[in-house]
Each structure stands twice: as structure tokens, then as C-alpha cells.
1. Report the calculated FRET efficiency for Asp52 and Arg212 (r = Cβ-Cβ distance, R0 = 25 Å), to the nearest 0.05.
2. Applying the Karplus parametrisation 6.51 cos²θ - 1.76 cosθ + 1.60 with θ = phi - 60° to the phi angles of the range 166-171, what ³J(HN,Hα) value in whole Hz is obtained for each residue in order, glycine and proline being reported as x?
3. Within 10 Å of each residue's Cβ, count the other Cβ atoms and sort Ser165, Ser178 from fewest upward.
4. Determine ³J(HN,Hα), in whole Hz, for all residues of the range 198-212 in sequence, where each value follows from phi through the Karplus function 6.51 cos²θ - 1.76 cosθ + 1.60 and θ = phi - 60°; x replaces Gly and Pro.
5. Cys236 to Ala105: extension gain in nm, 0.36 nm per residue of separation minus the Cα-Cα distance?
6. Stokes-Einstein diffusion coefficient for the range 166-248 at 37 °C in a medium of 0.692 mPa s, Rh from the Kirkwood formula over Cα pairs: what value in µm²/s?
7. Which of Thr103, Thr12, Thr70, Thr190 comes first, and how do the rest follow, when ranked by fewest Cβ neighbours within 10 Å?
8. To make sure I understand, if each residue's beta carbon is the centre and we count other beta carbons within 10 Å, what order do Asp169, Asp97, Asp186 fall in, fewest to most?
Amino acid sequence: MNAAPKRVAWITGGGSGIGRALALRLAREGWMVAVSARRTELLQETAGLAKDLIHAFPLDVTDTAAVRVTAERIESQLGPLQLAVLNAGIGEFVKLDNFHAATFAAHMQVNYLGVVNGIEALLPALRRRHSGHIVIVASIAGYRGVPRAAAYGPTKAALINLAESLRFDLEREGIRISICNPGFVDTPMTAGNRFPMPFLMNAEDAAETLYRGIMQQKFEIAFPRRFVWLLKLFRCLPYALYFPIMGKFTGINRRHRHG
Ligand SMILES: NC(=O)c1ccc[n+]([C@@H]2O[C@H](COP(=O)([O-])OP(=O)(O)OC[C@H]3O[C@@H](n4cnc5c(N)ncnc54)[C@H](OP(=O)(O)O)[C@@H]3O)[C@@H](O)[C@H]2O)c1
């Protein structure tokens, strides 16, 4: 009897949070998963949770050449990649008194250009094979300008636009692209948030929804549904309604008046 063909995935930001949970979800289905991030010890921890199926490939996604070499190493060690989830990201809140250009540059380097580096590294092999699926992890914070997300939100808006733009050419070549827009997920990134996070999900539920969306080959995989629809509705509002409603929703107006 022939063994089932090996399915190989690469997840950046696979050392914790959504990336780690998705690596485990894929491993449960028998996928070979390469996980990348900067902290080797967290990657080894992820790999240790599904021995022989999850493999650590430490990487800083801002290093264009290293991303290319890593993609090649994964293919030569594990086999042709069918799925790449470009998920590595950072998120810091910006207030007017900590507005530094360097913070904005760092967010663009990791969240946006880190994904672009990944796509550049993947394209030669995927184009040669006319197959493969690239999933970009953005955020519902990319739908519209939300308070304190001035450094983070634009990187996610840029990713949504990037995925929409690339879809036209990629689909013609047989390569799928998806954009994942999560709401609040309980991960190290949100652990320090000191404000109510509506519809907060755990990382396993987020990974399950993402996994199902990937299997269904959806273009947009956004969750949790109620929060997504609320923010999509906000996206349609004229400014005269959007600013007061979002201000009230987040309590930012009240906080500002009281300093
Ligand atoms: N949690 C949420 O509520 C939420 C909501 C919407 C979207 N998202 C998005 O979901 C993705 C995953 O975030 P998460 O919530 O799971 O947070 P997380 O646990 O902090 O995961 C972020 C991952 O990115 C990696 N990373 C950061 N900078 C990197 C770099 N320069 N090179 C390589 N890897 C890097 C981190 O590992 P190292 O630090 O070791 O490199 C970590 O593995 C992010 O893109 C985030 O923006 C999260």
C-alpha cells in the first residue's frame, strides 16, 4: 500500500501563540511543519510537542537573504512546500508621548517587509510547480484606523492590500493566496493588554478556524465572526459616524479627557 503523500508547511512566528497552535493543528493531520522565529528555545519547545513532524528553522524575517536560504533549506530537508503561513509579527501601542519613527520602521520591517521577504523566497519554487498556498496573517486592525494602533494597523492594512493585489497574478499561475484577519487572540502579544478585549479567543480556537479556512481555500479567513462583522460595518461608516462610535466603543475619548 502506498503511503499518503507528504504534506509540508512552513509557519513563520511558530514559536508561540497562533503560529505554534497552528503548527500543532497541522501536525495532528500528519503535516510536516517547519517553524521559524528568532528565539530558538521557543521553536524547540514547539517542535518537542510533535516530534518528527515539527522542525525548527530559526530565522529573523527581516533578513531577506536568510529568509531565502531558509525556504530552500526547508524544501531540501522536508520536501516541497504546499503551504506557507507568513504569521510573524510584532505589535506595540503608540501614544502621542511615545511616538518614535523607529517604532513605525520596526513594525514595517517585521510585519510587512518580513512577509514580502517570505513571498520572494517562496515564489521561484511555487511558480515552477504551479501550486502552493501562501497565507498572510494580518488583522482586523487593518480594516480601519483604530486608537493606539498607528504603528501596527498600517502594516496590517498594507498586508490586506498586498494579498488582494497579488491574488490576480498568483491565481493565474495556480498559486493560492489567503489573508487571515484575527480579532483578539489570547497570546503573548496580547498578554500585557490592560483593556477589555471583546470576543477574546484562545490560540487553539483561532488555529482551528484558520486551519479550516485554509482547507476550504478561502481568500479571507477572519474571526471571530461577530467581531469581524461589527468592524466590517464600521469600515462602511462615514467619518462623521466612525470617529464618535469608535471613540465611545474603545473609551478613548473618555480616557483622553481625564489625561
Ligand atoms: N493575538 C492577537 O490578538 C492578534 C490579532 C490579530 C492579528 N494577530 C497577528 O497574529 C500573528 C501572530 O501573533 P500572536 O498573537 O500569535 O503573537 P506571538 O505569540 O507574539 O507571536 C509572534 C511570533 O512572531 C515571531 N516574530 C516576531 N518578530 C520576528 C522576526 N523579526 N523574525 C521572525 N519571527 C518573529 C515571534 O517570535 P520571536 O520573537 O522569537 O522572533 C513569535 O513567534 C501576528 O502577525 C499578529 O500581528 C494577532
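1. Details: r = 25 Å, r/R0 = 0.99.
My answer for the efficiency is 0.50.
2. 5, 3, 4, 6, 5, 4
3. Details: Ser165 11, Ser178 22.
Least to most surrounded, the residues fall as Ser165, Ser178.
4. Couplings: x, 6, 4, 10, 8, 5, 5, 5, 4, 5, 5, 5, 5, 4, 5 Hz.
5. Numbers: separation 131, 0.36 × 131 = 47.16 nm, distance 2.90 nm.
Gain in length upon complete extension: 44.3 nm.
6. Numbers: Rh = 14.9 Å.
The estimated diffusion coefficient comes to 221 µm²/s.
7. Values: Thr103 17, Thr12 27, Thr70 23, Thr190 14.
So the ranking, lowest neighbour count to highest, is Thr190, Thr103, Thr70, Thr12.
8. Details: Asp169 11, Asp97 5, Asp186 18.
So the residues, fewest neighbours to most, are Asp97, Asp169, Asp186.
No value in this document is a laboratory result; all are computed from the given coordinates. Source: prediction; values computed, not measured. Positions of Cβ are generated from backbone atoms using ideal geometry, with glycine treated the same way; all protein chains shown enter the neighbour counts.
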